[in-house]
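Engineer: Next up is a structure, given as structure tokens.
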Amino acid sequence: MTRLNADASRAALAAGIGCATDVTGFGLLGHLHKLARASGVTAVINASAVPVLDGAAQALREGFVPGGSRRNLDWVAPHLDRGDVPEETLLLLADAQTSGGLLVAGEIPGAPVIGELIENTGHTLIVRS
């Protein structure tokens, strides 16, 4: 993990970011829920801005979904405002097969911005299409 995230963690520190988590078996939604809960905020995710590996959505459509991904989604569902986002998208965001990259609360030049943290709305997570 330290080798995988070395460049990202240095860039985050250089940008003055003091809040981050790795994204592993709990998926993006699980780790972001824990980050938002601990910080007393709501995380808003723009699902279309989240990078997805080539073939991941197709594999999901073909029925290849780890049981851990479904458990992750079930765990965050009570804390989630999903709007009209399809379950397929939510399962990708809850994927238990994540690689351990960093999720940072702030902007790093050149890194994707997938959402924002806002004042607590009563949900820890809001996912929009």
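Engineer: Criterion first (among the aliphatic types (A, V, I, L, M) and out of contact with any helix residue (DSSP H, G or I) (no Cβ under 6 Å at 6 or more places or on another chain)) does Ala8 satisfy it?
Structural biologist: yes
Quick grid of which residues meet (1) farther than 27 Å from Pro109 by Cβ; (2) of a type outside the set (Gly, Ala, Ser):
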site: Asn5; (1), (2): no, yes
site: His31; (1), (2): no, yes
site: Arg37; (1), (2): yes, yes
site: Thr42; (1), (2): no, yes
site: Ala59; (1), (2): yes, no
site: Val65; (1), (2): yes, yes
site: Arg70; (1), (2): yes, yes
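Engineer: Also: Mind counting the residues in the stretch 1-21 that are surrounded by fewer than 19 Cβ atoms within 10 Å (Cβ to Cβ) and either in a helix (DSSP H, G or I) or in contact with a Lys or Arg (Cβ under 9 Å, 6 or more places away or on another chain) (or both)?
Structural biologist: Final tally of qualifying residues: 9.
Each value in this text was obtained by applying a stated rule to the coordinates, not by laboratory testing. As the structure is a prediction and not an experimental result, all values here were calculated from the model. All Cβ positions, even for glycine, are placed from backbone atoms using ideal geometry, and neighbour counts span all protein chains on display.
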